[in-house]
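The values are calculated or read from the model by the stated rules, or taken from the named source; none is laboratory data. As the structure is a computational prediction, the values presented were derived from the model and not from experiment. Ideal geometry is used to build each Cβ from the backbone, glycine not excepted, and the neighbour counts take in all protein chains shown.
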Amino acid sequence: YVRELVRSANAAGEVAGMVALSCPREVYRFLAHAGLPVVVFGSLYADQLDIASVDVDNYETGRLLTEHLLRSGHRRMALLCKSQGRPGDNEFFDGVSEVLTAAGLPHNSLIVRIVPPDEQAFAAQLRLLAEMPDRPTALIVRSGLFVRAAESAVSSLGLSAAERMEIVYQDHPPAKGKPLPYTCVRPKLHFHEITALIGKMLQRLSQGEPLEQQRVVVPVELRI
């Protein structure tokens, strides 16, 4: 599909560039050699760092969320990641690990679970975590899209207020709408600011001008 899309765009001369989001590695590489300017919105694999990209600071996101949980008294937490992982997951995990190591906590203070993007599977995994003898007292969710699923699953466990797991998550670029009532880390730039940045990068590439930065990392902040 992508190959045909690029072929048609090149033939018609209607597209000045492309923005790739959450694509497989092969698609990123194909677009980089397709003859059109391309900017990836997200994280790139180690052998694709020559492609222009914009991404949030995943390392700092993991670090800030973990520091918050430690300040709140948690010493055992679970990190829930989607089964379709991205390179940004590695940076996020490094940030979490750095904080736990600095705090002198053992390796098993963090329980990592890979779950498919399915609410039933998500709920089943949370039930297993809650049934552990030394269960986690906090959940780190990698996407705001799964926060409601986590909230519903935790509520269905029948835990008392004192037993409830604290939920924190990584948010998408802020847009209009009511924020979720949980601590999160989100980009300091709004969505329209990030898209404007990507647009400027595409414009420079289409004009054959060098970019000031090949990889732009958007700073993040903790929101309680």
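Please determine, by comparing only the residues of segment 91-106 that are in contact (Cβ under 8 Å) with a residue 40 or more places away in the chain and not charged (D, E, K, R), which one is surrounded by the most Cβ atoms within 10 Å (Cβ to Cβ).
Per the stated criteria, the residue is Phe92.
Do you know which of the residues in segment 73-107 that are assigned to a helix (DSSP H, G or I) and among the hydroxyl-bearing types (Ser, Thr, Tyr) is nearest to Arg164 (Cα to Cα)?
For segment 73-107, the residue satisfying everything is Ser97.
Mind listing whichever residues of segment 117-141 are within 19 Å of Phe92 (Cα to Cα) and modelled with pLDDT under 85?
Pro117
Scan segment 179-224 for residues that are without any contact (Cβ under 8 Å) to a residue 12 or more places away in the chain and within 26 Å of Leu79 (Cβ to Cβ) and jot them down.
Once the filter is applied, which keeps residues that are without any contact (Cβ under 8 Å) to a residue 12 or more places away in the chain and within 26 Å of Leu79 (Cβ to Cβ), segment 179-224 yields only Pro181.
Is it fair to say Pro37 is buried (at least 18 other Cβ atoms within 10 Å of the Cβ) and either without any contact (Cβ under 8 Å) to a residue 60 or more places away in the chain or not β-branched (Val, Ile, Thr) (or both)?
Considered against the rule, which asks whether it is buried (at least 18 other Cβ atoms within 10 Å of the Cβ) and either without any contact (Cβ under 8 Å) to a residue 60 or more places away in the chain or not β-branched (Val, Ile, Thr) (or both), Pro37 comes out as yes.
Suppose we keep only residues that are of a type in the set (Ser, Thr, Tyr) and over 20 Å from Leu145 (Cβ atoms) within segment 56-86. Which one would you say is surrounded by the fewest Cβ atoms within 10 Å (Cβ to Cβ)?
The extreme case among them is Ser72.
Among the residues in segment 98-111, are any touching a Leu at 6+ places or on another chain (Cβ under 9 Å), assigned by the TED database to the domain that holds Arg164 and of a type in the set (Val, Ile, Thr)?
Yes, segment 98-111 contains at least one residue that is touching a Leu at 6+ places or on another chain (Cβ under 9 Å), assigned by the TED database to the domain that holds Arg164 and of a type in the set (Val, Ile, Thr).
Do you know which of the residues in segment 23-61 that are within 18 Å of the chain's Cα centre (by Cα) and charged (D, E, K, R) is nearest to Ala196 (Cα to Cα)?
Asp55
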